[in-house]
Amino acid sequence: MNNDYNFVTSIEQVDSNFNHGTQTLLDGTKWYNVNTKYNAKSIIFEVERNFDLNPKYKFFINGGLGFSRFSINANDHQVTSVTGNVYNVGLKNSNNDILTRFGFGITRVINENLQFVTSIDYTDRGEAEWKEADGDILDLHIKSTNAVIKLRYFFK
């Protein structure tokens, strides 16, 4: 552990369900309750800059770059017709994009190896592509702001 900087590597998995609401196609057809599920696996390399508040507490800012791999299964896009019928539509798809992260937080030093961390992070995972059965592609820009609480252990 460096008193001023930490270099952090994270591996994360996100499983999400995105609700598009009502969609109107070019021919005027309306779909209701349009939902897309996706899975994102990411590796992130971050740099934290620490500022001592007192011997037990530190404030930090962080930034990082990473790589996300998105997976969408064939039946992970669901639509409801005007008559109430539910359809699973789409093609299996995987794609990748660059990830960026920025944030800040407070660290409580428990001992030289263990810290309690609270932070707010903004993460932009990039574009996930969902392919419809007719070949059309829907781009989903995946970004989030997260409140994070974690224990951190430093190997020495």
task = With a Förster radius of 25 Å, plug the Cβ-Cβ distance of residue 117 and residue 19 into 1/(1 + (r/R0)^6) and report the FRET value to the nearest 0.05.
result = 0.20
ask   = Rounded to the nearest 0.05, what FRET efficiency is calculated for residue 9 and residue 127 with R0 set to 25 Å and r the Cβ-Cβ distance?
value = 0.60
request  = Mind giving me the nanometre distance, one decimal, between the label points for residue 98 and residue 26, set 7 Å out from Cα along Cα→Cβ?
outcome  = 3.1 nm
query = So which of 37/143; 37/131; 41/143; 37/150; 58/156 end up more than 18 Å apart, counting from Cα to Cα?
reply = 37/150; 58/156
message = Suppose R0 equals 41 Å. What FRET efficiency, 1/(1 + (r/R0)^6) with r the Cβ-Cβ distance, do residue 138 and residue 106 give to the nearest 0.05?
response = 0.60
ask   = Around residue 100, with a cut-off of 12 angstrom between Cβ atoms, what is the net charge of the other residues, counting Lys and Arg +1 and Asp and Glu -1?
value = -1
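Taken together, the values in this text are just the output of simple stated rules run on the coordinates, not laboratory data. Just so it is clear, the model here is predicted, and its values are computed rather than measured. So basically every Cβ, Gly included, is an ideal-geometry build from the backbone, and we count neighbours across all protein chains shown.
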